[in-house]
Amino acid sequence: MYKRQSGFTLIELIVVIVILGILAATALPKFMGIQTGARVSVLQGARGAVASAMNIAYATQASQGLASNVGITLDGVSIAMIGGYPQAWPAASALSGIYIAAGLSSDYSMVGGAAAGLGGSTTITVVGAPTPNSCAFSYTAATATMPPVVGAVITSGC
């Protein structure tokens, strides 16, 4: 009697490796597209949160009969207001701006903006985007004569 060998032949191993390589080559671009789509969705969600927080803060201030530059409290957090809407940047260390009012997480960062105490504007970006400044939207605080502006989503760098 002869002894029967167990295991895979070299040809079987090569065929399996080739098939795995083909699958990886076709699946990898789809996974990259999923990451980009996820960043775009996250950014659009943040823009919606900022717009909602802006309107909720305005309604809260109006319902309490406060002056347009008097801060309010939302969910236990003091929000600095200007022209009836949240400031882009906090006016002082004890007050928060639109970033906190919208409840944004550490997945986002604020770039640019005006000096403390001024309404100004800020760009909110997605942390981890290939080019964060091109995966962003802006929030410009209200002034005495103009309402705030939540800019369009820029997704070219997501």
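Amide H contacts of residue 71: 81, each under 5 Å away and 5 or more positions distant or on a separate chain (H built 1.01 Å from N in the peptide plane; Pro and chain starts excluded). Diffusion coefficient (Stokes-Einstein, Kirkwood radius over C-alpha pairs, 25 °C, 0.890 mPa s) for the chain: 134 µm²/s, rounded to a whole number.
To the nearest ten degrees, helix 10-63 and the longest principal axis of the Cα atoms of the chain are 10 degrees apart.
The charge dipole of the chain, taken about its Cα centre with unit charges on the Cβ atoms of Lys, Arg (+1), Asp and Glu (-1) only, comes to about 520 debye. Excluding residue 49 itself, calculate the net charge of residues whose Cβ lies under 14 Å from the Cβ of residue 49, where each Lys or Arg counts +1 and each Asp or Glu counts -1. Net local charge, residue 49 excluded: -1.
Which percentage, to the nearest 5, of the DSSP beta bridges contained in the chain is antiparallel? Present the calculation step by step, with values, prior to reporting the outcome.
Numbers: 17 of 18 bridges.
Counting only bridges with both partners in the chain, antiparallel ones make up about 95 percent.
Please sort 31-39, 4-12, 79-87 by packing, taking for each peptide the average over its residues of neighbouring beta carbons within 10 angstrom, highest first.
Working: 31-39: 12.4, 4-12: 7.3, 79-87: 25.4.
Top of the packing list down: 79-87, 31-39, 4-12.
Ordered by the count of other Cβ atoms within 10 Å of each Cβ, fewest first, 154, 124 give 154, 124. Peptide packing: for 41-52, 66-77, the average count of neighbouring Cβ atoms within 10 Å per residue gives the ranking 41-52, 66-77, highest mean first.
Between residue 153 and residue 75, what FRET efficiency follows from the Cβ-Cβ distance if R0 is 25 Å, with the result rounded to 0.05? Write down the numbers at each step before the final one.
Working: r = 25 Å, r/R0 = 1.01.
FRET efficiency, residue 153 to residue 75: 0.50.
Read-outs throughout are calculated quantities, based only on the coordinates presented, and are distinct from any laboratory measurement. Only a predicted model underlies this, so the values are computations on that prediction, with no experimental measurement involved. In this analysis, Cβ positions are derived from the backbone assuming ideal geometry, glycine residues included, and neighbour counts consider all displayed protein chains.
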